[in-house]
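Novice: Have a look at this one.
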Amino acid sequence: MSRTALRLDLPAGSWLGDVSRTVPAATLRVDETIAVDGDGPVPVDGPDAAGDGATVVATVLVAGTDRDRVGDALREHDRVIRATAVERRGEVRTLRVVARTPAYLPAARAVGLPIESTVEVVDGRATVTVVGDRDRIEAFGRRLAGDGVTVGVAATGGDDPDRTLTEAQRELVFEAVRSGYYDTPRRCTLTELAEANGIAKSTCSETLHRAEGRVMRRFVDGAGSFESSSEETATVEGSGPDTAAPDETDDGDGVDELDANDRNGQEPVRSAATEP
């Protein structure tokens, strides 16, 4: 079982392919695709035909430059029934699109291959991530080729269900959760977590901060560009125990109240819970 990212060069006639080629500077991300019985007359042949006359309702997030042109291009395509603007937040536009089922969905269903709900399309090329064995992935590719879709492998991996975090970040976050660092009240201090993982306290703090930032950006999806442009160089795990990040302090947002008590040699004193 492997997680594989595939590049699909969508043929002419595919609404995703045509629209993204019409506005090549925009990035389309297709989320939350739901099959419906039908919502108007749409041609049943061509690269978007699902073989069963299916129609989908999809949430399409649009980023990049010229993103405002995407809605018009969608509404003008003959395989799109409706394209409605849902939200404008920051640099991202969210559209609700009713259209022919993209070829990759019925192909994946036919061979029993799980496909991640998010598909990114830029200038006619879609990136689709699937999870399955080699035989199913190859069968998926053959079906797509029969629909005129050119398939290539972009990346392969193991059973990792989510690449939001780096390996180092993921391991430290898992350990932090297991140790009770994120419990309320905390059962583990930042100092204890760092010592248990053999890293400097500053390194531990920075790694957790970067991981939390990635998770929050993923959660608050649509607030900005799909990829963060501010991701700094990865923390060097070999930092010495006295190495501090440039902005590392024990005050302000980075305060670890348990550590403050540890420095006084006292057990933390907690008042009654104040959270709602």
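Novice: Return yes or no: is Thr4 open to solvent by less than 20 Å² (accessible area, probe 1.4 Å), under 20 Å from the mean Cα position of the chain (by Cα), at pLDDT below 95 and not hydrophobic (A, V, I, L, M, F, W, C)?
Specialist: So Thr4 passes the test.
Novice: Would you mind finding the one in Asp147, Asp135 that is farther than 20 Å from Thr33 by Cβ, open to solvent by 20 Å² or more (accessible area, probe 1.4 Å) and more than 19 Å from the chain's Cα centre (by Cα)?
Specialist: Numbers: Asp147 fails: farther than 20 Å from Thr33 by Cβ.
The unique qualifying residue is Asp135.
Novice: Another one. Would you tally the residues in region 86-97 being modelled with pLDDT of 90 or more and surrounded by fewer than 20 Cβ atoms within 10 Å (Cβ to Cβ)?
Specialist: 4
Novice: Something else: Go through region 84-129 and give me each residue that's assigned to a strand (DSSP E or B) and of a type outside the set (A, V, I, L, M, F, W, C). Reasoning before the result, please.
Specialist: Step one: list which residues in region 84-129 are assigned to a strand (DSSP E or B), which gives 84-89, 92-100, 115, 119-122, 125-129.
Residues satisfying the conditions are Thr84, Glu87, Arg88, Arg89, Arg93, Thr94, Arg96, Arg100, Glu120, Arg125, Thr127, Thr129.
Novice: Can you tell me which residue in region 148-178 is modelled with the lowest pLDDT, limited to those that are outside any helix (DSSP H, G or I) and in contact with a helix residue (DSSP H, G or I) (Cβ under 7 Å, 6 or more places away or on another chain)?
Specialist: Ranking the qualifying residues of region 148-178, first place goes to Thr164.
The values are calculated or read from the model by the stated rules, or taken from the named source; none is laboratory data. This one's a predicted model, so the numbers in the text were calculated from it and none came from an experiment. Using ideal geometry, Cβ is built from the backbone for each residue, glycine included, and neighbour counts are taken over all protein chains shown. Side chains included, ligands, DNA and RNA excluded: accessible areas come from the protein's heavy atoms. Shrake-Rupley method; radii C 1.70, N 1.55, O 1.52, S 1.80 Å.
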